[in-house]
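One structure is given below, encoded as structure tokens.
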Amino acid sequence: RSTLSSSSAASDVYKRQLYPGEKLYGKVSPLQVVAPNTALRLRCIRDFKDDKNDRVAGDEWLFEGPGTYIPRVELQVVEIVKAIIIKPNQALKLRARKEFTDKSGVKRRAGEEWLVREVGAYLPNVEEEVVQTLSAYVLTDKKAIHLQATKTFTDVFGKERKAGEEWLVTIDDAETHIPDVYENVIGEVKITTLTSRQYAVVLDPVGEDGKPQMGRRVLKKGEAVFFLRPGERLESGIQSVHVLDSDEALLLRAREAFKDESTERKPGDRWMIYGPCDYVPPVQVEILEKRKAIALDENEGIYIRDLKTGKVRSVSGQTYMLSPYEELWEKDLPS
């Protein structure tokens, strides 16, 4: 005869005789204590019914601590699972192994991915596969992140994003941002800064509806700071304000019809802005060239051609500024 005995937490002793035909399998071992934030992954190796559920061979589930695990012949301990600590500005990316309902009551499909953003210890379920731990992007007043939706979904700000849509997340939206599973990070975007002596023209600006307005142009005057939205670009980069001296002028041409103060301009109209002044061209205006008054002595002269009539005339002995429809004309003189 043999006697088995084991001590419990209450120091109780359990004894049992081995009957004829019985033999001891393995050694007498202490019960396994499961610590907090830890679990045992169990697998059913044959059908049985426990206190709550009918278990089928192949089923897996967790025995979560703290607690003492009492083995059963129908169960196999697959592994010890430890909780993952989610720190502030971190998230856990999970993938469903099969269809199930998660701890939040959300039904998940096999292969579906999602984020757990709550700070603290998280114990993955047997139906959940840990993909990776994500860290947040820290946003500042000088840096934003450029995102693209890989499928149609609703983001953390409650806005529906269409597949392929691109947008920026700035510090006005949040101080930090963890990209969702359906958000692809294109890159970081630096802020564009204009001083009081600079300006820029933005091509294809994004409208209030978040969609690019193809073919439009928007003038940005300094002092100003702004982020270029996805699809926007600067025409000729950041440009300096045009400073004209008293003997200088800019030759301008209208790109489209518009009202210039009290003057109606038509496409193709030419006119000049004379110094001294500072000038920033509106988006409807194209700068053709910068001109300077030509100082002529008594014995000096130039030939000028009228662009409208084609007539050529000479000017000498004075300081002369070409008009909008005039150009210098070279005349071949006999040697």
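Would you please give the residues with an amide H less than 5 Å from that of Trp61, counting only those at least 5 places away or on a separate chain, with H modeled from the backbone geometry?
Distant-sequence amide H within range of Trp61: Leu42.
What is the Cα coordinate range of segment 160-310 on the first, second and third principal axes, sorted by size from largest, in whole angstrom?
79, 29, 27
Applying 1/(1 + (r/R0)^6) with R0 = 35 Å to the Cβ-Cβ distance of Asp332 and Asp269, what FRET efficiency is obtained, to the nearest 0.05?
The value I calculate is 0.60.
Assign one of three labels to segment 225-335, namely rounded, prolate or oblate, based on the Cα gyration tensor with a ≥ b ≥ c the square roots of its eigenvalues; rounded applies when a/c is under 1.5, prolate when it is not and a/b is larger than b/c, and oblate otherwise.
Prolate is the answer for segment 225-335, as a/c is 1.5 or above and a/b outweighs b/c.
For Asn89 and Arg253, FRET efficiency with R0 = 51 Å and r from the beta-carbon atoms, rounded to 0.05?
Between Arg253 and Asn89 the formula returns 0.45.
When the dipole is taken about the Cα centre of the chain, and only Lys, Arg (+1) and Asp, Glu (-1) are charged at their Cβ, what size is it in debye, to the nearest 20?
Working: 52 positive and 55 negative charges, 374 e Å.
Result for the chain is approximately 1800 debye, rounded to the nearest 20.
PRE reach from Val78 (point 7 Å along Cα→Cβ): which of segment 34-64 fall under 18 Å by backbone N?
Residues 38-48, 54-64 qualify, since their backbone N sits under 18 Å from the label point.
Just how much of Phe226 is accessible, in Å², when a 1.4 Å probe is used and the result is rounded to the nearest 10?
Result for Phe226: roughly 20 Å² accessible.
Modelled label-to-label distance, Asp47 and Lys221, 7 Å Cα→beta-carbon offset: nm?
8.4
Using R₀ = 45 Å, calculate the FRET efficiency as 1/(1 + (r/R₀)^6) where r is the Cβ-Cβ separation of Ser236 and Glu60; round to 0.05. Please report the intermediate quantities before stating the final value.
On the way: r = 64 Å, r/R0 = 1.41.
Result of the calculation: an efficiency of 0.10.
Run the reach check for Lys290 against lysines, Cα to Cα strictly under 20 Å, same-chain hits fewer than 8 apart removed. What comes back?
Partners found: none.
Take every Cα-Cα distance within segment 111-199, group them into 5 Å bins from 0 onward, and report for each bin the whole-number percent of pairs it holds.
3, 11, 20, 20, 18, 12, 8, 4, 2, 1, 1, 1, 0
Check the straight Cα-Cα distances from Lys93 and name the lysines below 18 Å, setting aside those fewer than 8 residues away within the same chain.
Result set, ordered by chain and number: Lys82, Lys103, Lys107, Lys151.
Starting from the amide H of Arg55, placed 1.01 Å from N in the peptide plane, find each other amide H under 5 Å away whose residue is 5 or more places distant or on another chain.
Answer set, sorted by chain and number: Phe48, Lys49, Asp50.
The values are calculated or read from the model by the stated rules, or taken from the named source; none is laboratory data. Just so it is clear, the structure is predicted and the values come from calculations on it, not from any experiment. Counting neighbours? That spans all protein chains shown, and the Cβs are built from the backbone with ideal geometry, glycine included. When the accessible area is computed, the model is the full protein with side chains, heavy atoms only, and any ligands, DNA or RNA have been set aside. Shrake-Rupley method; radii C 1.70, N 1.55, O 1.52, S 1.80 Å.
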